[in-house]
Every structure is written in structure tokens, then in C-alpha cells.
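Data first, discussion second: the structure below is written as C-alpha cells.
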Amino acid sequence: MNRYQMLFAPQVWKPKISPTLVQYLRPFRERQQKRLIRISQVDVQGDDIVRERLDKGEGVMIMPNHSSHADPYVIYSAADQIGTALHVMATWHVFHEKSWLTRWLLTKHGCFSVDREANDIGAFRLATSILQDQREPLVIFPEGEIYHCNDRVTPFREGAAAIAVAAARKSKRPISCIPCAITYRYVKDPTESLLAIMSELEASIFWRPKTKLPLEQRIYDFAEVLLIVKELEYLKKSQSGRLPERIATLREHILSAVESRNQLQAAEKKVPERVKAARKTIMEQLQQENLEEVQRQKLEDDMEDLFLVIQSFSYPGDYVVDHPTTDRMAETIDKFEEDVLRKTTATIKAERRVKVHFGEPVEVSSDRKVKSQSSTITSTIEQRVQEMLGSH
């Protein structure tokens, strides 16, 4: 998982979409897609659903799962086949410290920044105006983070649906949310690369590579060692039982301790929402003038603990054993590369193909009397995306 700089956004990047330039650069994107992320084919299903809504002049929000760093390339490849450019909400880190040319190209492709750690009213208003007025769809990834779980969604956050609801209440045209399932599969066998990286991972914890064991066994042995290390650090003892329950127990212990130290109430929120609230509070404290060094270090330690919570959230604990496919083992090793070997992004093991499946839209009501609409839309879209992933 990427170690983002946990700061409030230093500036705002707004979209300057140019459909003509987007169309002109399509061959360049396709070459980059094959060369950099080794995707040879993008199959699109349900593209007529999106095209029909756009032809009617509706405001369209596309809500995909977010399992890979390649998702932006893939969703734009699908848009090319539909015949539209896109607006894409992205964390400000995508723009930060990039060259002026990269930033310019991103904005010309309709990308704009959001500060996920703050209440970014500017990005919220911009997104609602896009849904109300612009022809091009708005793409928001409701999972927020990249979890490397291609066959399972993690809980969708309600922010995307809240934008759609706010837009519908003042829009002169219908607004709809379209679920989108993105599924990656290896075309060529990546096993040789997976075995080599697994040996590198084992060596990183001073193990001799366990080359005589099945790869699935090696993955789980390695994961248990990592978990035991963190259990000893935070719980002062290792736990017994299945990995999913042990991971959840450790995660709750760490998160509850951070919330307690910062006078936060957990309420009934999901883990990502609790982490976001805690990060915001801690970042605000870190900005205070004349903060004592001891207090600053404690706050920075809390931020590191929160990162560990989100890291652990990305490991279901039963993802491989539940269905030990090569793709699932590769995704888990991808996570290890980023989390243990500290690689910015995991290496691409072999050539892949992708299926992008657009599903049945959810109509957004403009009636202010409709209660809990954001929550209902979020859960419905999440369920439909999961169903489409399960059918691939």
C-alpha cells in the first residue's frame, strides 16, 4: 500500500478537459498500457449502458472497484471504446511533485484533485457541478485506497454517493450512478516471477527460501510471521486462531488506542472512516504552533499506527486459502512487495487482460424527503460490483 504524505493538500488542481486532445492521445495511452502495465487487452461489457445515458444527456457517475494501480489506464481504455472522455476525481498526491507536463496532461484528461483527509468542499462542489452540467461522466473510486483484492470489494465509502445526491437535488437533468467491475487476469503464467519475489521476501526476514513448499503455503507462513511480529509489538503476545480474526483483533486494538489518545469516539463507523477522522484530528494538531517535540513525536507515532491499521485492513486473511488461484496469490505478493520491500508499486509479473463490466444504473432521486439515499446508493452499488466480480 502506498505511503502517502499525510498532509493537507498544498494546492488544488482543477480539470481542463479537452476531448479532442484525449482522442488524439489514444494511441499513446494504448502503447503505454501495453509497455508499462503489460495489459494486452481490455474487454468492455455493458458499454451500451453508459452510452445510452450519455446520449440522453444525463449526468453520469461511474463507481468502479479499485484493486490496481492500473485502474486509471483501464477505465480510460473503456471510455475510449464508449466514445467519451472522463472527469476523474483523484487524491492530490497524484499531482504532487509531478512534472508540469504530467500535471497538464492529467488536467486535460479531466482529472482533478481532492484532499481526502479534509472536508474538501471545493472538490465536492466541483464534482456536483460536473454531474449537473458536463457531458463527460464523472469517475470516483468509492473504496478510496488500492487494496489489491481483485475478486472482493472492500467497503465503499459514502462520499461518492453523497456527491450524486447533492447534484440531483439542484440538477435540471437526471443523475445516475453506474456500478463498474474491473477484473484483471494473467494471460501468461507469472509463477516464475512470483517464486523469485517470494524468495526475496523470505530472505528479507532472514529465512532461507522455502522453495520445496507450495507457493500458497509460503505465502501464509510469511504472513503469519509478519502478524506475530506486530502482535508482539502491540499486544505483547501472539494470538491463536485463524488469521482473519487475529488481524481484526490487532487492528481494533491499535485503532481504539489511537482514538482514545486523541479523544475520538468510534461510533458505528467502518474502519476507513474511523481512520480518516483520526488522521484529520491528528493532522490539525500537528499544524499547531509551538508544539512540543515530545507531543509531535507521539502524534507522528499515531499517524504511523493508523497507516498500519489501513495496511492490515487490506489483508482479509483468507483471500488465498478461500480460492487459491494464481491471480490471488500474485495480488497478495504484490501487497508484500509494497508493504515489506517498500516498493512504490508492485512489479508487473506477466502480461494481463482486463474485463471492465458496467452494470445496471441506480437512479438518484432529487426529492429531499428521500432519507438515507447516500447510504442506500452506496450499498446497492457495492453489492452490484461484487456480484459482477463474482461472475467473471
Checklist outcome for this item: For residue 71, the lone unmet condition from (1) more than 29 Å from residue 328 (Cβ to Cβ); (2) within 16 Å of the chain's Cα centre (by Cα); (3) among the acidic types (Asp, Glu) is (1)
Next on the checklist: Can you tell me which residue is farthest from residue 195 (Cα to Cα) among those in region 325-342 that are under 15 Å from the mean Cα position of the chain (by Cα) and among the acidic types (Asp, Glu)?
Outcome noted: 338
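Restricting to region 91-146, name every residue that is among the small types (Gly, Ala, Ser) and closer than 22 Å to residue 283 by Cβ.
Step one: of region 91-146, the residues among the small types (Gly, Ala, Ser) are 99, 110, 113, 118, 122-123, 127, 129, 144.
113, 118, 122, 123, 144, listed by residue number.
Where residues in region 323-336 are buried (at least 19 other Cβ atoms within 10 Å of the Cβ) and not small (Gly, Ala, Ser), which of them is nearest to residue 36 (Cα to Cα)? Please lay out each step first, then the result.
To start, the set of residues in region 323-336 that are buried (at least 19 other Cβ atoms within 10 Å of the Cβ) comprises 328-336.
Restricting the remaining residues to those that are not small (Gly, Ala, Ser) gives 328-329, 331-336.
Working: 328: 21, 329: 21, 331: 18, 332: 21, 333: 19, 334: 16, 335: 19, 336: 21 Å.
Result: 334.
Pick out, from region 310-392, the helices (runs of 4 or more DSSP H) lying fully within it that include 2 or more residues that are modelled with pLDDT of 90 or more, under 30 Å from residue 279 (Cβ atoms) and not hydrophobic (A, V, I, L, M, F, W, C). Steps first, answer last, please.
Working: elements: 319-322, 326-339, 373-391.
Where helices (runs of 4 or more DSSP H) fall fully within region 310-392 and carry at least 2 residues being modelled with pLDDT of 90 or more, under 30 Å from residue 279 (Cβ atoms) and not hydrophobic (A, V, I, L, M, F, W, C), they are 326-339, 373-391.
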Item to check | Candidate set from region 271-294 (those that are of a type in the set (Val, Ile, Thr) and farther than 18 Å from residue 120 by Cβ); member that is modelled with the lowest pLDDT | outcome: 271
Checklist entry - Does region 123-143 hold any residues that are surrounded by 21 or more Cβ atoms within 10 Å (Cβ to Cβ) and either at pLDDT below 90 or of a type in the set (D, E, K, R) (or both), and which are they? => result 143
Checklist outcome for this item: Here the qualifying pairs (Cβ atoms under 6 Å; residues six or more apart or on different chains; first in region 356-371 and assigned by TED's automatic domain parsing to the domain that holds residue 62; second part of a loop (DSSP other than H, G, I, E, B)) come out as 357/46; 358/46
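Looking only at region 252-270, which residues are among the hydrophobic types (A, V, I, L, M, F, W, C) and either at pLDDT below 90 or surrounded by fewer than 14 Cβ atoms within 10 Å (Cβ to Cβ) (or both)?
Step one: list which residues in region 252-270 are among the hydrophobic types (A, V, I, L, M, F, W, C), which gives 254-255, 257-258, 264, 266-267.
Within region 252-270, 257, 266, 267 meet the criteria.
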Checklist outcome for this item: Restricted to region 20-59 and to residues being among the β-branched types (Val, Ile, Thr) and surrounded by 12 or more Cβ atoms within 10 Å (Cβ to Cβ), the residue modelled with the lowest pLDDT is 37
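Quick one: is residue 320 surrounded by 15 or more Cβ atoms within 10 Å (Cβ to Cβ) and among the aliphatic types (A, V, I, L, M)? Spell out the reasoning first.
Numbers: surrounded by 15 or more Cβ atoms within 10 Å (Cβ to Cβ): yes; among the aliphatic types (A, V, I, L, M): yes.
Taking the combined requirement at face value, the residue satisfies it.
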Checklist entry - Residues 218, 274: which one is crowded, with 18+ Cβ neighbours inside 10 Å, touching a Lys or Arg at 6+ places or on another chain (Cβ under 6 Å) and free of Cβ contacts under 8 Å to residues at least 60 places away in the same chain? => result 218
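The values are calculated or read from the model by the stated rules, or taken from the named source; none is laboratory data. Computed from a predicted model, the values in this text were never measured in an experiment. Cβ: placed from backbone, ideal geometry, glycine included. Neighbour counts: every protein chain shown.
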